[in-house]
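Just so you know, all these numbers are worked out from the coordinates, no wet-lab data involved. Just so you know, these numbers come straight off a predicted model, no measurement behind them. Counting neighbours? That spans all protein chains shown, and the Cβs are built from the backbone with ideal geometry, glycine included.
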Amino acid sequence: MLDIPFVEKDCIFTHEGKEFESGGAIVTDDFIIGYCSSDMKTLQTWHGEFIGHLRISSSWKVYSWITDRYYQVWCKVNSQWYTGRTAGSSMIAKLRKAKTEFV
C-alpha cells in the first residue's frame, strides 16, 4: 500500500556542473504523476521506486520530436484504477482517477 498523498522529494540531477530539480512523482486520490519504466510495464517514481503495474489499452501515431507514438495507459494503485496518457518509455505519465475498471 502506498501512503496517499505521496509527494516525492529530492529529485535533483546535475548537468554540465549545475544542479537542477525535477518534479517528482505525485500520488493523490484524484490523480497520479509518475514515470514509465523503460519496458513500459510499471509506473515508477523519479528514483525508480514502484508505484503500480502499467497496462496499455491503446496507442496511436503522432508527429512530434519527442516520440512517434502516444499511449493510453491504466494503473491500479491501492485498489483504485487510474488512466491517462504518456509519450512512452522513461517518460512522464499523467493519470486521473478512472470512473470504470480496466477490463
Note to self: Given (1) more than 19 Å from Ile4 (Cα to Cα); (2) without any contact (Cβ under 8 Å) to a residue 40 or more places away in the chain; (3) more than 10 Å from the chain's Cα centre (by Cα), identify the lone condition not met by Gly23.
What the structure shows: (1)
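This table checks each residue for (1) within 14 Å of Gly34 (Cβ to Cβ); (2) in contact (Cβ under 8 Å) with a residue 40 or more places away in the chain; (3) touching a Leu at 6+ places or on another chain (Cβ under 9 Å).
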{"residue": "Trp46", "(1), (2), (3)": "yes, no, no"}
{"residue": "Glu49", "(1), (2), (3)": "yes, no, no"}
{"residue": "Val62", "(1), (2), (3)": "no, no, no"}
{"residue": "Thr67", "(1), (2), (3)": "no, no, no"}
{"residue": "Gln72", "(1), (2), (3)": "no, no, no"}
{"residue": "Asn78", "(1), (2), (3)": "yes, yes, yes"}
{"residue": "Arg85", "(1), (2), (3)": "yes, no, yes"}
{"residue": "Met91", "(1), (2), (3)": "yes, yes, no"}
{"residue": "Glu101", "(1), (2), (3)": "no, no, no"}
Next item on the list: Considering each residue of the range 1-34, count those that are within 14 Å of Tyr82 (Cα to Cα) and among the aromatic types (Phe, Trp, Tyr), and give that number.
Entry: 1
Next item on the list: Name the one entry in Gly23, Gly48, Gly52, Gly88 that is of a type in the set (Gly, Ala, Ser) and in a strand (DSSP E or B).
Entry: Gly52
